[in-house]
Amino acid sequence: MLHTVYNALWHLAAPLLRRYLAKRARNHPAYAEHHDERFGKPYTEAVQGAIWIHAVSVGETRAAEPLIRALRQHFPQTPLLLTQMTPTGRATAQTLYPDAQCRYLPYDKKQWAEQFLNDHRPLFGVLMETEIWPNLMHACQARRIPLFLANARLSDRSARAYSRIRSLIRPAMQTLAGCCAQTPADAQRLSDLGANPVRVCGNTKYDITPPTESAHTAARFRQLIGKRRVFLAASTRCRQGDDESALILDAWQQQQFDQDVLLIIVPRHPERFQAAFEHAQKLGLKVQKRSGNSPVLPETQVWIGDSMGEMFAYYQAADAVFVGGSLVDSGCQNIIEPLSCGKAVAFGSSTYNFQAACDSALEARAAVQVNNAAELAALAQSWLNRPETVAGLAANGLALVAAHRGAAHQTADWIAESMAKYT
């Protein structure tokens, strides 16, 4: 019954989705590109028989990178198909894998999902993290296309939400050929939802290494910045009217930092770049944009990182880092990346998307948790005045990352082992 309602809602949603994309395109024109891929239009040049990886956006696409390397060792001659749901995710995939076919995954209307699979007929599919699309999953089962959930995580909050629609979700989860969970707690929650078999393989994000070119970009940033002390607020989010960039800027102004301290703010979404810049101006702070590509003036207090694909360079150019999505109710962005760059890390109280990583970082004394923006500004002041404290946190972070590596190979090995049953 619930699946019937689900299908009816997708039928009604089609015109609403088109309007939604048109609205997003006003501020982010890339949403208007490749529009028909999202709505099941036949794909005339579709790659077939590929390893298909679905990674919804940038974070998931980067998390898939070490897994794809490991899978290609098992399937060296197999083509690669990458699907995303966001323009930034698609752009990241195209940059990382110029030899792959990259496209949007259609929304989960039954006919659109079936058209996608009929076009591509992948060898097998891998959904990264928590991508549960019932029609797509059932269509894979009907076509005997093995489908895996990899780097899978499921918070208590999400598990409770899915339990309310168990009759829709449980049959979909039972179609999976395998589920590779990040932690034992994730494995238990996924198993309770119907996934079987489930294996704990760890978090592939610990296997990510900073791209070689990011060091060159970071060196360029330091040339523009000079010898100033730098605190980075990375991937700031806006949630239900609460804008982390604004909260941090308000607190920063009150803290009265020395003139040689520079705050870099990099909003998570491009449409927030200008808002952060204008809020800094409104507060009377001296502000520049990275896109200006000009030296940061001695009197500049805030540098807005209005660029995409350069986050590792921002991490490497900073002395210490705050990871956004955690002062507002967004569950935190990826804390593992700055840890892997050897940086002291701070985050707020909303951590459900990276709960295990945040707990491990706190236990390892590699990170500090704050409750609000005022505490964050005070912590930044303290850290920038005590480089030995920052160095100790950074060293602990590097050790933590090293201890958790290996998830990508464990996941790829299990997928390859499972695929032997289908050949």
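Can you work out the Karplus-derived ³J(HN,Hα) for every residue in region 43-56? Use 6.51 cos²θ - 1.76 cosθ + 1.60 with θ = phi - 60°, whole Hz, and x for glycine or proline.
Values, residue by residue: 9, 6, 10, 5, 6, 10, x, 8, 6, 10, 10, 10, 10, 4 Hz.
Output wanted: per-residue J couplings in Hz (rounded whole) for region 63-77, from phi through Karplus 6.51 cos²θ - 1.76 cosθ + 1.60, θ = phi - 60°, x for Gly and Pro.
After applying 6.51 cos²θ - 1.76 cosθ + 1.60, I find 5, 6, 4, x, 5, 4, 4, 5, 5, 5, 5, 7, 10, x, 9 Hz.
So if I take the centroid of the Cα atoms in region 106-124 and the same for region 356-411, what is the distance between those two points in Å?
That distance is 41 Å.
If we count every other residue with Cβ under 13 angstrom of Pro197's Cβ, Lys/Arg +1 and Asp/Glu -1, where does the sum land?
Numbers: positive: Arg199, Lys421; negative: Glu417.
Spelling it out: positives minus negatives among the neighbours equals +1.
Return, in residue-number order, each cysteine of the chain whose C-beta is not under 4.7 Å from any other cysteine's C-beta.
Cys102, Cys140, Cys179, Cys238, Cys332, Cys341, Cys358
So which aspartates and glutamates pass the test for Lys205, namely a Cα distance under 15 Å, with those fewer than 8 places away in the same chain ruled out?
By straight Cα distance, Lys205 reaches Glu60, Glu65, Glu129, Glu337.
Please name whichever of Ala64, Ala380, Ala280 sits farthest to the positive end of the charge dipole of the chain, dipole taken about the Cα centre and charges placed at Cβ: Lys and Arg +1, Asp and Glu -1.
Of the listed residues, the answer is Ala64.
Under 21 Å Cα to Cα from Lys289, which lysines show up? Leave out anything in the same chain fewer than 8 places away.
Lys227
Hey, if you put +1 on the Cβ of every Lys and Arg and -1 on every Asp and Glu Cβ in region 212-403, which of Ala317, Asn396, Val370 ends up farthest toward the positive end of that dipole?
It is Ala317, whose Cα lies furthest towards the positive end.
Could you give me the ³J(HN,Hα) list for region 93-98, computed from phi with Karplus coefficients 6.51, -1.76, 1.60 and θ = phi - 60°, whole Hz, x at Gly and Pro?
Going residue by residue, I get 4, 5, 6, 6, 9, x Hz, with x marking Gly and Pro.
What does the net charge come to around Ala187 if you take all other residues with beta carbon closer than 13 Å to its beta carbon, with K and R at +1 and D and E at -1?
So the environment of Ala187 carries a net charge of +1.
Checking the cross-link filter: which lysines have an alpha carbon closer than 25 Å to that of Lys109, excluding same-chain neighbours under 8 positions apart?
Lys109 reaches Lys23, Lys41.
Throughout, read-outs are computed from the coordinates displayed, never taken from laboratory work. Here the structure is a predicted model, which means the values were calculated and not measured. Every residue, glycine among them, receives a Cβ derived from its backbone with ideal geometry; neighbour counts consider all protein chains shown.
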